[in-house]
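Engineer: Pasting in a structure now, in structure tokens, and then I'll have a few things to ask.
The values are calculated or read from the model by the stated rules, or taken from the named source; none is laboratory data. A quick note: this is a predicted structure, and the numbers were derived from the prediction, not measured. Note that each Cβ is placed from the backbone with ideal geometry, even for glycine, and that neighbours are counted across all protein chains shown.
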Amino acid sequence: MNKADTQKEFQLENKLIEETPIAPPEPAAGAPLEVSAGTKNPETPSVASAEPAKEQSEGTDFKKSSGAPEQLAQLKVELEKYKDIALRSVADLDNYRKRMAREKDDAIRYANANFLERLIPILDNFELGLQAARAGGSQSAILDGMTMVFKQLQDFLASCGVETIDATGEHFDPNAHEAIAQEENAEVEEGVVIRQLRKGYRLKDRLIRPANVVVSKGIPVGEDSAKAGAST
């Protein structure tokens with residue numbers, strides 16, 4: 001083979017090499033795949049898919065903004081409700097404290113009421129015995145001693161806040177007097193106490209026992225008509 005044939009064969013081989021397409025190299029095992037610029041990422045949303053999502057979010061925000069006044073009004077109603085409950089609870093607690101303080105004060109003031117109620121009948125009997133002894137006309141050291149003891153008992157009751165109700169000559173008061181009978185009396189006005197049969201007692205502002213009294217009915221019927229005829 002001469003030189004010309006060798007050169008011609010060399011040119012033919014180069015032409016074949018240029019016309020033959022070169023296949024991309026196969027990736028090695030475990031090597032990451034390269035993504036071309038034209039390949040789309042399935043996780044990346046397209047422009048067309050992003051627009052509906054934006055419209056959907058705007059619609060949700062509009063719904064939230066449109067329901068906000070109703071929620072605010074409902075919250076205001078609930079706030080007023082719980083505020084009223086709180087005010088009522090505070091008022092009830094304040095009334096309870098006042099009632100307990102009043103009951104405690106009453107318990108202190110009237111702590112001896114039961115004892116005094118049981119002592120007063122004994123004092124009545126003691127006074128009746130003293131009056132009987134005085135009515136006998138005898139003056140002795142025993143009578144003087146009984147008088148002294150009776151005075152001490154009265155002073156003790158007064159120191160405890162007990163007051164004696166003397167109703168003779170007073171207008172009848174149902175809050176302090178208990179009417180045992182009524183009598184016609186030309187000298188005593190109607191509704192006035194003629195005499196007192198048993199003393200009444202009051203502990204501070206509380207009535208322990210009402211006074212037993214006889215109340216006047218006024219001028220007798222016969223005398224009233226006679227006076228009316230004499231005046232005519």
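Engineer: Tally up the residues in segment 193-212 that are in a loop (DSSP other than H, G, I, E, B) and closer than 16 Å to Cys160 by Cα, please.
Structural biologist: If we filter segment 193-212 for residues that are in a loop (DSSP other than H, G, I, E, B), which is where we start, we get 199, 204-205, 210.
Cutting the leftovers down to closer than 16 Å to Cys160 by Cα gives us 204-205.
Total meeting the criteria: 2.
Engineer: Right, something else. State which residue pairs qualify: first residue within 11 Å of Ile208 (Cβ to Cβ) and inside segment 112-139, second residue aromatic (Phe, Trp, Tyr) in any location, beta carbons under 8 Å apart, and separation of 6 or more residues or different chains.
Structural biologist: Here the result reads Leu116/Tyr201; Ile120/Tyr201, each pair linking segment 112-139 to a residue that is aromatic (Phe, Trp, Tyr).
Engineer: Ok, one more. Keeping to segment 178-192, report how many residues are in a loop (DSSP other than H, G, I, E, B) and among the hydrophobic types (A, V, I, L, M, F, W, C).
Structural biologist: Taking segment 178-192 as the starting set, the residues that turn out to be in a loop (DSSP other than H, G, I, E, B) are 185-191.
Going one step further and asking which of them are among the hydrophobic types (A, V, I, L, M, F, W, C), we end up with 186, 188.
Selection size over segment 178-192: 2.
Engineer: Turning to a different aspect of this structure: For segment 203-232, which positions are at pLDDT 65 or above and farther than 30 Å from Asp106 by Cβ? Break it down stepwise before answering.
Structural biologist: Filtering segment 203-232 for residues at pLDDT 65 or above gives 203-221.
Within segment 203-232, Val214, Val215, Ser216, Lys217, Gly218, Ile219, Pro220, Val221 meet the criteria.
Engineer: May I ask you to say which residue of Asn175, Asn95 is surrounded by 10 or more Cβ atoms within 10 Å (Cβ to Cβ) and not hydrophobic (A, V, I, L, M, F, W, C)? Lay out the reasoning, then the answer.
Structural biologist: Details: Asn175 fails: surrounded by 10 or more Cβ atoms within 10 Å (Cβ to Cβ).
Answer to the selection: Asn95.
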